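Coordinate-derived values only; no laboratory data. Everything numeric here is computed off the predicted structure, so don't read it as measured data. Cβ: placed from backbone, ideal geometry, glycine included. Neighbour counts: every protein chain shown.
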Amino acid sequence: MFLEKMLQSQGFGSRKYCQQLIKNGAVEIRGEIVDNPKHKLDLNELTYSVYGQDYVYREHVYIALNKPQGYECSHQATHHFSVFELFDDVLLNRGLQCVGRLDQDTTGLLLLTDDGQYLQALTHPKKHVAKVYSMHTADPVTPEQIQQLEQGVELRNEKGIFAATDVQLLASQQLQMTVHQGVYHQVKRMLAAVGNKVETLHRAQIGQLKLEDIAEGEWIYLNAAQIEQSKFRENLNPQ
Ligand code: URA
């Protein structure tokens, strides 16, 4: 691939802008300035720098963010910050999108990507990528409520039954559970359906990928093994 095309693919701007960057001597590969936009590159394990900042060539990006409270998962946030404010323009130019959504007041694991197939694979309603949530509730959680959550509840305007698995009472008003769909406000509505109320909500895991060692508001690139963990699907309804 030509250098100018590679830079464009990585989010540095239009082909013309990338040509200019290169001609200005802003781009170095292995410590050498390369000022020919048509310089041919081997993309395998390619690293380079632009104006002294180091980058790794990535065909696609897969990001895990520990989402803080007060951030919306939309580009045009209306009442809060947007999660996209946590990323620089080079990443945003690649067309980064949230993999599903968390409410503005929910914290925890949020995946973002520019890979449409990965996004589809994780958000397809029939694909059952499990998600683990922990929460504080307004009232003590009763054994009946746990049983109802495990058996499944109906949610207004949604088809089917919404059941949680691995429901664990961590304290009298603190619960962890796994859900297998991703409808709007699902966890809050499930708790409301059994007569309780979510006060704070945190997503700890998607598939087999756990939110570990990422401070709130910080993010990491997922490696190949972590991408696979995030796609892990249980076969809940074998056909
Ligand atoms: N369920 C909710 O109610 N809110 C979220 O943010 C995620 C799951």
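A few points about this structure:
- For Glu72, the residues whose amide H sits under 5 Å from its own are Phe81, Ser82, Val83, ignoring neighbours fewer than 5 places away on the same chain, with H placed 1.01 Å from N.
- Low-density loop cleavage sites - GluC sites (Glu not before Pro) in segment 88-156, where at most 13 other Cβ are within 10 Å (DSSP): Glu154
- Straight-line reach from Lys40: taking Cα to Cα under 23 Å and skipping same-chain neighbours fewer than 8 places apart, the lysines in range are Lys5, Lys16, Lys23.
- Global geometry of segment 3-56, whether rounded, prolate or oblate, following the gyration tensor of its Cα atoms and the 1.5 cut on a/c: rounded
- Whole-Hz Karplus values for segment 115-121 come out as 9, x, 5, 5, 4, 4, 4 Hz, taken residue by residue from phi with 6.51 cos²θ - 1.76 cosθ + 1.60 and θ = phi - 60°; glycine and proline positions read x.
- Efficiency of FRET between Glu158 and Leu46 - r from beta-carbon atoms, R0 45 angstrom, step 0.05: 0.45
- Residue-count net charge about Phe2 - beta-carbon cut-off 15 Å; Lys, Arg +1, Asp, Glu -1: +3
- HN-Hα J in Hz across segment 67-75 - Karplus 6.51, -1.76, 1.60, θ = phi - 60°, x for Gly and Pro: 5, x, 5, x, 10, 8, 8, 9, 5
- Residue among Arg156, Arg101, Arg203 with the largest mean-square fluctuation in a Gaussian network model of the chain, springs linking Cα atoms under 10 Å: Arg156
- Judged by a Cβ-Cβ distance under 4.7 Å, the unpaired cysteines of the chain are Cys18.
- Label point of Val183 set 7 angstrom out along Cα-Cβ; within segment 124-163, amide nitrogens under 11 Å from it belong to 153-163.
- Taking the inverse of the mean reciprocal distance over all distinct Cα pairs, the Kirkwood hydrodynamic radius of the chain comes to 19.9 Å.
- ³J(HN,Hα), Karplus 6.51/-1.76/1.60, whole Hz, each residue of segment 163-180, x for Gly, Pro: 10, 9, 10, 6, 6, 10, 8, 8, 7, 4, 10, 9, 10, 10, 7, 10, 10, 10
- Nonlocal Lys pairs with alpha-carbon distance under 20 Å, segment 118-239 (8 or more apart, or different chains): 13
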